[in-house]
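Novice: Below you will find the structure I want to go over with you.
The values are calculated or read from the model by the stated rules, or taken from the named source; none is laboratory data. No experiment lies behind these values; they were computed from the predicted model shown. Counting neighbours? That spans all protein chains shown, and the Cβs are built from the backbone with ideal geometry, glycine included.
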Amino acid sequence: MKPIRLMAAFFTVGVWTLASRLLGFVRDILIAAFLGAGPVAEAFLIAFSLPNMFRRFFAEGAFNMAFVPMFSKKVERDEDPLAFAKDAFAGLATVLVVFAFIATLAMPWLVLAMASGFYGDERFPMAVLYGRIAFPYILFISLAALLSGVLNATGRFAAAAAAPVLLNVLFIAAMTLASRFGWDMGLTLAITVPVAGIAQMTLVWIAAAKAGFRLTLQRPKLTPDLKRLAIIAGPAMLAGGVVQINLLIGRQVASFFEGAVAWLNYADRLYQLPLGVVGIAIGVVLLPDLSRRLGAGDEAGGRDAFNRAAEISLSLTIPAAVALVVIPLPLVQVLFQRGAFGPDDTAATALATAVYGLGLPAFVLQKVLQPLFFARENTKAPFYYALAAMLVNAGVAIGLAPVIGYIAAAFGTTLAGWAMVGLLWAGSRRMGDAARLDDRFRRRIWRILLAAALMGALLWAVNLVLGPLFGAGRLRYLALAILVATGIVGYFLIGHLLGAFRFSEFRNTLRRRPAN
């Protein structure tokens, strides 16, 4: 089995994720234009968040964190990985069908758990209806996540990374048609959700079949490997549950402030762009790579993979975090302020964006540190750490909401993220050399921080000059493009001069053939 080339694979996942997130911006721009921060928008956003929340719990969270290391080691040792993948596919599908049926019946209670502030107004029945339509998405996207894990573990990243693009393409097409033919926008969006799930699952299923892993539905059976998978996944499921409780806390707080659910959602989209392109891409590639290296006894290779993942992650996300803190207002104003989304919505969303920006490096570092545990089939420690982070989130979000309002939810998320990083870092100190920082990382991290700080000062100065243009019709797009380009070019030039990185490293990555 061919080895995973970390940087080439990261480039593949990052490019496709960037395309997906950019299309996601177009999607959210259209939602903001058609629905603003009104009741239909808030009802749909809560309904859409329900299958996504449980998807992270079942598939991309607990299940895949246990499945990918086990499957990767079977691939490395040639221990019939296909049979294991088929059993896992059948088991996951069975559980999800039952769960989706129960959740559809219990939708009113699920909506209350997500946004009890909706009860008694028009948002509640809409959210229940949209939720029942959208919830089957969890079946298709969770099975797609398992298939993606199979592809990633065998060094094939393109199809799995490209699948989310379909979701946003279908959303954009649906809203365009709804506007053209006068369809109900909320219902159109809700119906598009499961349709997109089917499309995503189909894409990765075909890719997995071509790779020699044709997974079909069969009668589920509890094999010894599946029993071990369940034992490992148990603590990870609990940890995933804690993470979702954190999301619930934020949305519950926001639901008591009119428009806040939408404000936080749009801010979330902004910080999710660098998080997805960098953090998620690194996490997707690093977990199977570490698992296979540890399975082969390659501690030195594991350490190098961990350090290079941390280095590239921070070199790209620290400047992104600085930008979100320094220029959130022009970003939100140009991207979202139009139609039903007014200046007050812009100001509220910009504040949330800046607060999330403070936590961006923490969210990315979690993606780098967690594979150190999961690759060793250790899911208990991250669960205990997640519990502690949940207490931080709840204390800040609930405790400060009466004082500072909806923004307490964003502060809770950010501070909980840093608490989680601190605990993961402390816990990884017992893993020996494979989890230690090397000399190259230590030399470069302070240079990365300095380059990002200087870029932030440059952005602040250019924003002062271009400020009047951000409200000037079509000129605002040019002004934002100049501002963003200045930040990107400035950071990479400063970083290169300071020795934070070398341009040759990026050129070498681009010259390599990306992993399929």
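Novice: Residues that are farther than 17 Å from residue 484 by Cβ and at pLDDT 75 or above: list the helices (runs of 4 or more DSSP H) wholly contained in region 247-355 that include at least 3 such residues.
Specialist: 260-274, 299-326
Novice: All but one of (1) over 18 Å from the mean Cα position of the chain (by Cα); (2) under 30 Å from residue 491 (Cβ atoms) hold for residue 402; which doesn't?
Specialist: Exception for residue 402: condition (2).
Novice: Of all residues in region 402-454, which are closer than 17 Å to residue 369 by Cβ and outside any helix (DSSP H, G or I)?
Specialist: 436, 437, 438
Novice: Related question: Could you look through region 5-48, keep only residues that are surrounded by fewer than 24 Cβ atoms within 10 Å (Cβ to Cβ) and assigned to a loop (DSSP other than H, G, I, E, B), and pick out the one that is modelled with the lowest pLDDT?
Specialist: Selected residue: 5.
Novice: Follow-up. Residue under question is residue 461, and the condition is that it be of a type outside the set (Ser, Thr, Tyr) and either in contact (Cβ under 8 Å) with a residue 60 or more places away in the chain or crowded, with 18+ Cβ neighbours inside 10 Å (or both); does it hold?
Specialist: no
Novice: So, one more: Of the numbered conditions (1) of a type outside the set (S, T, N, Q); (2) farther than 30 Å from residue 293 by Cβ; (3) free of Cβ contacts under 8 Å to residues at least 60 places away in the same chain, residue 362 satisfies every one except a single condition; which is it?
Specialist: (2)
Novice: Okay, moving on. Only one residue in 1, 53 is at pLDDT below 85 and assigned to a helix (DSSP H, G or I), so which one is that?
Specialist: 53
Novice: Looking at 471, 456, which is the one that is in contact (Cβ under 8 Å) with a residue 60 or more places away in the chain, surrounded by 18 or more Cβ atoms within 10 Å (Cβ to Cβ) and in contact with a helix residue (DSSP H, G or I) (Cβ under 9 Å, 6 or more places away or on another chain)?
Specialist: Answer to the selection: 456.
Novice: Do we have any residue at all in region 106-120 that's among the aromatic types (Phe, Trp, Tyr) and at pLDDT below 90?
Specialist: Yes, because at least one residue in region 106-120 is among the aromatic types (Phe, Trp, Tyr) and at pLDDT below 90.
Novice: Could you tell me whether region 201-209 includes any residue that is closer than 25 Å to residue 65 by Cβ and outside any helix (DSSP H, G or I)?
Specialist: Within region 201-209, none of the residues are closer than 25 Å to residue 65 by Cβ and outside any helix (DSSP H, G or I).
Novice: Just to check your reading of the model, which residue among 197, 182, 186, 212 is surrounded by fewer than 20 Cβ atoms within 10 Å (Cβ to Cβ) and within 28 Å of residue 126 (Cα to Cα)?
Specialist: 182
Novice: With (1) closer than 27 Å to residue 265 by Cα; (2) at pLDDT 85 or above as the list, and residue 446 as the residue in question, which single condition is left unmet?
Specialist: (1)
Novice: Further question: Assess whether residue 68 counts as being β-branched (Val, Ile, Thr), assigned to a helix (DSSP H, G or I), at pLDDT below 85 and over 26 Å from the mean Cα position of the chain (by Cα).
Specialist: Against the criterion (β-branched (Val, Ile, Thr), assigned to a helix (DSSP H, G or I), at pLDDT below 85 and over 26 Å from the mean Cα position of the chain (by Cα)), residue 68 does not qualify.
Novice: Additional query: Of all residues in region 93-121 being in contact with a helix residue (DSSP H, G or I) (Cβ under 7 Å, 6 or more places away or on another chain) and within 18 Å of residue 201 (Cα to Cα), which is surrounded by the fewest Cβ atoms within 10 Å (Cβ to Cβ)?
Specialist: Only one residue tops the list, namely 97.
Novice: Look at residue 416 and say whether it is crowded, with 23+ Cβ neighbours inside 10 Å and under 21 Å from the mean Cα position of the chain (by Cα).
Specialist: Yes, satisfied.
Novice: Give all pairs with beta carbons closer than 9 Å in which a residue from region 399-414 that is within 11 Å of residue 352 (Cα to Cα) meets a residue that is assigned to a loop (DSSP other than H, G, I, E, B) and of a type in the set (Gly, Ala, Ser); count only pairs at least 6 apart in sequence or on separate chains.
Specialist: From region 399-414, the pairs are 406/259.
Novice: For region 122-147: of the residues being in a loop (DSSP other than H, G, I, E, B) and surrounded by fewer than 24 Cβ atoms within 10 Å (Cβ to Cβ), which is modelled with the lowest pLDDT?
Specialist: 122
Novice: Collect the residues in region 159-175 that are free of Cβ contacts under 8 Å to residues at least 60 places away in the same chain and over 30 Å from residue 213 (Cα atoms), keeping them in residue-number order.
Specialist: Hits for region 159-175 are 173, 174.
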